[in-house]
Amino acid sequence: MRKLVFLVVACALAGCGEREQVSDSSKRSYQGKRDSLPWDNEPLAAEQRGGKWTKGQRASWEEQIKTRQLTQHEHKRIYQ
């Protein structure tokens, strides 16, 4: 019985000991290089199912993304 009371008290006090989780602004976060735009990268090779867009052209990248999404739609893929 004594162990049970100790266990209940320990569990009740465990929740009271939690500290507030606030970010410390004095610590520096990751300051690495910024991400580039997706259309500024070279497309992957065809063996890796890479797209076919021209590097640096947003319109051709967006067109390739739309085409890829259409091939992932089951109803459109079945009837191709």
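Bear in mind that the values in this text are calculations on the coordinates, not laboratory data. Computed from a predicted model, the values in this text were never measured in an experiment. Cβ: placed from backbone, ideal geometry, glycine included. Neighbour counts: every protein chain shown.
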- request: Name the residues whose placed amide hydrogens come within less than 5 Å of the amide hydrogen of Asn41, ignoring near sequence neighbours (fewer than 5 apart) on the same chain.
  value: Gly56
Burial ranking of peptide ranges 56-67, 31-42 (average Cβ count within 10 Å, highest at the top): 56-67, 31-42
